[in-house]
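Student: Here it is, the structure, as structure tokens.
The values are calculated or read from the model by the stated rules, or taken from the named source; none is laboratory data. The structure displayed is predicted, hence computed values, not measured ones. Every residue, glycine among them, receives a Cβ derived from its backbone with ideal geometry; neighbour counts consider all protein chains shown. Just the protein is used for accessible areas: all its heavy atoms, side chains included, with ligands, DNA and RNA removed. Shrake-Rupley method; radii C 1.70, N 1.55, O 1.52, S 1.80 Å.
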Amino acid sequence: MLGRVNHIAIAVPDLAAAVASYRNVLGARVTEPQALPEHGVTVVFVDLPNTKVELLEPLGETSPIAAFLQKSPGGGMHHVCYEVDDILAARDRLAASGARVLGDGNPKIGAHGKPVLFLHPRDFFGTLIELEEV
Ligand SMILES: CC[C@H](C(=O)O)C(=O)SCCNC(=O)CCNC(=O)[C@H](O)C(C)(C)COP(=O)(O)OP(=O)(O)OC[C@H]1O[C@@H](n2cnc3c(N)ncnc32)[C@H](O)[C@@H]1OP(=O)(O)O
Ligand SMILES: [Co+2]
């Protein structure tokens, strides 16, 4: 069911500082910030030869990463995003196996304009999983 790792996400308290660090210290190519109010985050992507790193900053009062940053104020690894061919088939298979699909269970459109879903970290060894249909 799982395809490639689409991205690894890191929650950060200050996106501009994180971008400067990835660009100037690590020498990476970083996209322009993209506000995603529906998801409560502003994101940039660090383009790497084999995958991407997504840097996430909270946006708005109900950001899903606010509680995460309260626990880890300096930032930290937030989720891994795997590609799937058919997100509805993946969702139904996961739900049948007892995994908790977050939200109302319906895919939302993510940062790449593709449908995404999230799976509860307690069901996957303490790691929040995002699925993206490609
Ligand atoms: C889609 C746009 C963009 C893209 O790539 O296209 C993005 O990736 S946006 C990313 C931000 N969106 C989300 O994270 C949506 C899914 N997240 C959620 O629904 C919540 O954040 C949730 C359910 C993971 C946690 O929310 P809750 O209010 O329940 O927070 P708690 O602090 O009570 O957490 C419960 C439990 O889970 C542990 N936890 C929370 N977040 C993470 C995490 N990122 N990785 C690992 N574990 C996490 C938390 O520590 C609690 O564990 P416990 O054992 O109870 O202490
Ligand atoms: Co993501």
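Student: Take the conditions at negative phi, outside any strand (DSSP E or B), open to solvent by 60 Å² or more (accessible area, probe 1.4 Å) and of a type in the set (A, V, I, L, M, F, W, C) and apply them to Leu88. Does it pass? Please lay out each step first, then the result.
Tutor: On the way: at negative phi: yes; outside any strand (DSSP E or B): yes; open to solvent by 60 Å² or more (accessible area, probe 1.4 Å): yes; of a type in the set (A, V, I, L, M, F, W, C): yes.
The answer is yes for Leu88.
Student: Taking Leu94, is it outside any loop (DSSP other than H, G, I, E, B), on the phi < 0 side of the Ramachandran plot and more than 8 Å from ligand 1 (Cβ to nearest atom)?
Tutor: It is true that Leu94 is outside any loop (DSSP other than H, G, I, E, B), on the phi < 0 side of the Ramachandran plot and more than 8 Å from ligand 1 (Cβ to nearest atom).
Student: Identify all residues within the stretch 21-40 that are assigned to a strand (DSSP E or B) and either touching a Ser or Thr at 6+ places or on another chain (Cβ under 6 Å) or loosely packed, with under 14 Cβ neighbours inside 10 Å (or both); write none if there are none.
Tutor: Selection gives Arg29, Gln34, Ala35.
Student: Got at least one residue in the stretch 45-56 being without any contact (Cβ under 8 Å) to a residue 40 or more places away in the chain, within 19 Å of Leu102 (Cα to Cα) and open to solvent by 80 Å² or more (accessible area, probe 1.4 Å)?
Tutor: No, the stretch 45-56 contains no residue that is without any contact (Cβ under 8 Å) to a residue 40 or more places away in the chain, within 19 Å of Leu102 (Cα to Cα) and open to solvent by 80 Å² or more (accessible area, probe 1.4 Å).
Student: Here's another thing I want to ask about it. Just to be sure I understand, how many residues within the stretch 53-72 are under 21 Å from Ser21 (Cβ atoms) and either away from ligand 2 (no atom under 15 Å from the Cβ) or charged (D, E, K, R) (or both)?
Tutor: Count: 4.
Student: Right, here's the next one. Taking into account only those residues within the stretch 97-110 that are within 10 Å of Glu132 (Cα to Cα) and crowded, with 17+ Cβ neighbours inside 10 Å, which is nearest to ligand 1 (Cβ to nearest atom)?
Tutor: By that ranking, first place goes to Gly110.
Student: Say we look at the stretch 111-134 and pick out the residues that are β-branched (Val, Ile, Thr) and more than 7 Å from ligand 1 (Cβ to nearest atom); which of these is most open to solvent (accessible area, probe 1.4 Å)?
Tutor: Val134
Student: Something else now. If we keep just the residues of the stretch 1-20 that are free of Cβ contacts under 8 Å to residues at least 40 places away in the same chain and open to solvent by less than 50 Å² (accessible area, probe 1.4 Å), which is nearest to Leu59 (Cα to Cα)?
Tutor: Kept after step one, since they are free of Cβ contacts under 8 Å to residues at least 40 places away in the same chain, are these residues of the stretch 1-20: 16-17, 19-20.
From what's left, open to solvent by less than 50 Å² (accessible area, probe 1.4 Å): 19-20.
Working: Val19: 16, Ala20: 19 Å.
This residue is Val19.
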